[in-house]
1. Based on this model, can you work out whether residue 63 counts as without any contact (Cβ under 8 Å) to a residue 60 or more places away in the chain and in contact with a strand residue (DSSP E or B) (Cβ under 8 Å, 6 or more places away or on another chain)?
2. Restricting to the stretch 85-101, give me the number of residues that are part of a strand (DSSP E or B) and either touching a helix residue (DSSP H, G or I) at 6+ places or on another chain (Cβ under 7 Å) or closer than 22 Å to residue 130 by Cα (or both).
3. Looking only at the stretch 107-125, how many residues end up being more than 21 Å from residue 51 (Cα to Cα) and assigned to a strand (DSSP E or B)?
4. If residue 104 satisfies all but one of (1) part of a loop (DSSP other than H, G, I, E, B); (2) buried (at least 18 other Cβ atoms within 10 Å of the Cβ), what's the number of the condition it fails?
5. At least 2 residues that are over 18 Å from residue 123 (Cβ atoms) and at pLDDT below 80 in each: list the strands (runs of 3 or more DSSP E) lying fully within the stretch 19-84 that qualify.
């Protein structure tokens, strides 16, 4: 019964994503609920999301062609907001701890962004607007802030 319930929830999430176009929205419901979305793909875009803890929030808005986003948030009250447009932009985010925030804007083509935040109360912001840009932010400890803008 439990397996069937999780399968139905996954199908519902995938159906909702398809109905609202190229937008991926994942909200951590609770540790016992649907917290692992394997790989969601729609019109060549992909979003891979794993969230543990409670109160985590992630939005990934994808337009254009073949953009990809992957995220892992382990503890509680972390937030990720990702907006990708253009062609073949990829981003990865890892947040372990509590109350970390990551904002991403990618347009153009073949941009790559990595963010790793280990600790709490960290904030990272990346904007990429050109072609083949590479951005990497790694923050350890707590209360760090990093912003990177590439044209």
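1. Yes.
2. 5
3. 2
4. (1)
5. The strands (runs of 3 or more DSSP E) meeting that bar are 23-27, 36-42.
The values are calculated or read from the model by the stated rules, or taken from the named source; none is laboratory data. None of these values were measured; they are calculated from a predicted model. Glycine also receives a Cβ, built like all others from the backbone with ideal geometry; neighbour counts cover every protein chain displayed.
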